[in-house]
1. Looking only at residues in the range 60-79 that are of a type in the set (A, V, I, L, M, F, W, C) and either over 17 Å from residue 29 (Cα atoms) or part of a helix (DSSP H, G or I) (or both), which one is modelled with the highest pLDDT?
2. Identify, by number, the condition in (1) part of a loop (DSSP other than H, G, I, E, B); (2) at pLDDT below 95; (3) surrounded by 17 or more Cβ atoms within 10 Å (Cβ to Cβ) that residue 147 doesn't meet.
3. Scanning for something open to solvent by less than 20 Å² (accessible area, probe 1.4 Å) and either within 16 Å of residue 208 (Cα to Cα) or modelled with pLDDT under 75 (or both), does the range 34-50 turn up at least one residue?
4. May I ask you to list the residues in the range 174-204 that are open to solvent by 80 Å² or more (accessible area, probe 1.4 Å) and either part of a helix (DSSP H, G or I) or under 26 Å from residue 61 (Cβ atoms) (or both)?
Amino acid sequence: MEGGSATKVPELIDSHQDLRKTSRSTVSRIYVEGYDTWLSGYELAISMKKHFASCGHVIHVHIPGYSRGSSLTSGVSRFALIYIRGEGAQDKALELSGARLELIGGSYSSGENKLVVKPYPFRAKNPDPDLARELARTRDDDKLEHRIMRVDGYDTSRSVEYLKSKLFKHFSRCGEVVFVQVLKEKENEAVARRVAYVDMTGIHAIEKALQLRCNVKGLENVKVFEVANPLKNGALFCGGPIMTWDPVFDATAPEDPNLPKPPSPRFSKRPSIIRYAPEDPSLPKPWKALVDCSTGFKYLWNTETNVTQYNAPDSDSDSDSDSETEDTQLNSSSNYNLRKRKCTLA
C-alpha cells in the first residue's frame with residue numbers, strides 16, 4: 001500500500017535520464033581509507049561528516065558490510081564511501097587526502113593513520129581489483145541494509161496524504177521503500193513539516209535516490225539531504241552494556257594505561273583504551289566510573305579492592321560485589337544503573 005507497508009519493485013530503473021545534472025544538486029561519491037577500523041560506525045560517520053564539511057554538504061557515510069555487532073568484534077570496513085552535494089565538492093575533498101581524521105571530542109584516531117581520498121564516480125567501472133573484491137564480499141549485507149533518509153524541498157502546502165503517496169511512488173523507482181513518514185506542523189495542521197522520512201533498503205537504492213529528479217507537482221525540488229547515521233548503541237547486549245558512554249564528553253579525558261581493564265573481553269577483540277568517565281555523584285565511595293573507549297563499554301572500579309564490574313554497586317554493602325562472579329555481573333542487566341550525561345554535539 002502506498003506510504004505504508006513495504007513494497008518490492010520488480011525492476012530498478014536502468015536509464016539515467018531522470019538523474020539530476022545541475023551543479024546545484026550534483027552529488028559526488030568519494031572513496032576514503034586510512035582511519036582506525038576499531039571506531040564505532042556512529043563515531044566514524046560523525047567524524048567523516050565533520051572532516052569533509054568544508055567541501056560541501058555531506059549527505060551519507062556508507063560503511064560497507066556494517067553492522068553494530070560485527071563492528072564490535074572485528075571492526076569496521078577499511079574504507080568508506082562518502083556522498084557530498086555541492087559544486088566542486090569532489091575536488092575539495094581530494095585536497096584533504098593525507099590529513100588525519102579528527103574524532104568526536106577533538107582527539108585523533110590511534111597510530112599515524114592518514115586519510116587516503118580518491119574519486120569514485122557513479123557508474124564508473126572500478127579499476128581497483130581489491131576494492132571490487134571488498135564490495136563483492138559485502139554486497140549481500142549492503143543490499144539488506146535499511147537506512148532512513150531525510151527528505152526536503154517539496155511543497156509543504158500540499159496535503160500530508162498527497163505528499164506521502166507521491167514520495168512513496170517517487171522513491172520506489174529506485175528500490176524497496178519500507179515506509180514514508182510525513183508529519184503535520186503542530187502549530188498549523190494544514191501545513192506539512194518541511195522534512196519527511198523515507199526508509200529504503202540497500203545502498204544501491206539510496207545511491208539512485210540521491211541522484212533522482214522528480215517532475216511531480218509539488219515535488220519538483222525534492223531531494224535527499226541526509227541519510228541517518230548508524231545508531232549510537234545504548235542498549236544492553238548479552239547481559240552487558242554497549243556504548244553507554246557519551247563520546248563527546250568522555251573523549252576529552254586523557255588515556256591512562258594504569259587504570260584496570262574491564263571485567264570481560266568477551267564482547268570485543270579490540271585493544272582497550274581506558275579513560276575516566278564523567279564524575280557520577282550517585283556512586284558510593286570508593287567506586288569510580290571508567291570507560292573503554294575502544295568499545296564504548298562503561299564500567300565501575302572499586303579503587304580499594306581493584307574489582308571492576310558493569311552493574312551498579314550496592315550502596316549498602318560493597319562486599320557483596322566482591323563475591324559476585326563475572327557472569328552474574330554481566331547477567332544482572334536489570335540492575336545496571338549507570339548515569340548517562342547529556343551532551344549536545346557542537
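1. From the range 60-79, those of a type in the set (A, V, I, L, M, F, W, C) are 61, 63, 72, 76, 79; that's our starting set.
From what is left, the residues that are either over 17 Å from residue 29 (Cα atoms) or part of a helix (DSSP H, G or I) (or both) are 72, 76.
Values: 72: 58, 76: 85.
Looking at residues that are of a type in the set (A, V, I, L, M, F, W, C) and either over 17 Å from residue 29 (Cα atoms) or part of a helix (DSSP H, G or I) (or both), I get 76.
2. It fails just one condition, (1).
3. Looking for residues that are open to solvent by less than 20 Å² (accessible area, probe 1.4 Å) and either within 16 Å of residue 208 (Cα to Cα) or modelled with pLDDT under 75 (or both), one finds none in the range 34-50, hence no.
4. Step one: of the range 174-204, the residues open to solvent by 80 Å² or more (accessible area, probe 1.4 Å) are 184, 186-187, 189, 194, 204.
Correct list: 194, 204.
The values are calculated or read from the model by the stated rules, or taken from the named source; none is laboratory data. These numbers were taken from a predicted model, which means no experiment stands behind them. With ideal geometry, Cβ positions are generated from the backbone for all residues, glycine too; neighbour counts draw on all protein chains shown. In case anyone asks, the SASA skips ligands and DNA or RNA and just uses the protein heavy atoms, side chains included. Shrake-Rupley method; radii C 1.70, N 1.55, O 1.52, S 1.80 Å.
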